[in-house]
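The values are calculated or read from the model by the stated rules, or taken from the named source; none is laboratory data. As the structure is a prediction and not an experimental result, all values here were calculated from the model. Here Cβ is always computed from backbone atoms with ideal geometry, including for glycine, and neighbour counts include all displayed protein chains. Just so you know, the surface numbers come from the protein's heavy atoms only, side chains and all, with ligands and any DNA or RNA stripped out. Shrake-Rupley method; radii C 1.70, N 1.55, O 1.52, S 1.80 Å.
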Amino acid sequence: MEIKYISENKKQFLDLLLLGDESEDMIDLYLNRGDMFALYDGNLKAVCVVTQEDNTTCELKNIAVYEQFQKQGYGAALMHYITEYYKGKYETMILGTGDVPSILSFYKKCGFELSHRIKNFFTDNYDHPMFEEGVQLIDMVYLKKSLK
Ligand SMILES: CC(C)(COP(=O)(O)OP(=O)(O)OC[C@H]1O[C@@H](n2cnc3c(N)ncnc32)[C@H](O)[C@@H]1OP(=O)(O)O)[C@@H](O)C(=O)NCCC(=O)NCCS
């Protein structure tokens, strides 16, 4: 398994990025300023993007594993790698996600805990209703993890 830092041509990973964030307009808002990492195991399996939010906080904006390779440890491996990568650079990693039990369970297994919630984020910021596993996304749930 190899994890590469991607500095150029980040849009080549758009198919994967759209699994984690279905709006290309939203992706464009953070892709250039974000650090991108791609995980290869033979071929490409997963990507993620992390931005600097302030001097002490970074934010995981997107993480996605190709559907046929999910639940095989790639997401956790990428998460472990970026946690180590940012230790000493920031104090906290945050992320925002839909209120979806399976996704929350993945992040909790990766060491994240509940931070706060932004009411009606998905209904206010997207032009169409969004569903994940049959549940409409309404609030954005913020999670945090200490990097100390
Ligand atoms: C969420 C995602 C990145 C997880 O990556 P993954 O490679 O499938 O997860 P892993 O195999 O590394 O799982 C790590 C742990 O989380 C758990 N987990 C992963 N997906 C889960 C799910 N859908 N439901 C419940 N638990 C889950 C695993 O069981 C595992 O726990 P274990 O160590 O006790 O076995 C991946 O499923 C994905 O790309 N989903 C689509 C994109 C997406 O929703 N991204 C998040 C945007 S907010």
Cα extents of the range 77-140 per principal axis, largest first, Å, are 39, 20, 18
For the pair Lys11 and Glu113, how long in nm is the line joining their label points, each one 7 Å along Cα→Cβ?
4.2 nm
Angstrom value of the Kirkwood radius, inverse mean 1/r, which spans all Cα pairs in the range 49-109:
12.5 Å
Restrict the search to the range 86-148; then list the GluC sites (Glu not before Pro) that DSSP places in a loop and that have at most 11 other Cβ atoms within 10 Å of their Cβ.
Glu133
How big is the accessible area of Asp54 in square angstrom, nearest 10, if you roll a 1.4 angstrom probe over the protein chains?
70 Å²
Which ³J(HN,Hα) values, rounded to whole Hz and listed in residue order, are derived for the range 36-50 from phi using the Karplus coefficients 6.51, -1.76 and 1.60 in 6.51 cos²θ - 1.76 cosθ + 1.60 with θ = phi - 60°, glycine and proline given as x?
10, 10, 10, 9, 10, 9, x, 10, 5, 10, 7, 9, 8, 10, 10
Show me the chymotrypsin sites (Phe, Trp or Tyr not before Pro) within the range 49-143 that DSSP assigns to loop and that have at most 16 other Cβ atoms within 10 Å of their Cβ.
Tyr66, Tyr126
Summed over the other residues with a beta carbon less than 12 angstrom from that of Glu67, with K and R at +1 and D and E at -1, the charge totals +1
What Kirkwood Rh does the range 1-71 have if only Cα atoms enter the pairwise 1/r average? Answer in Å.
12.4 Å
For the range 2-146, with equal point scatterers placed on the C-alpha atoms only and solvent neglected, what are the log10 I(q)/I(0) values from the Debye formula at q = 0.09, 0.12, 0.13, 0.16 1/Å, to two decimals?
-0.26, -0.47, -0.56, -0.88
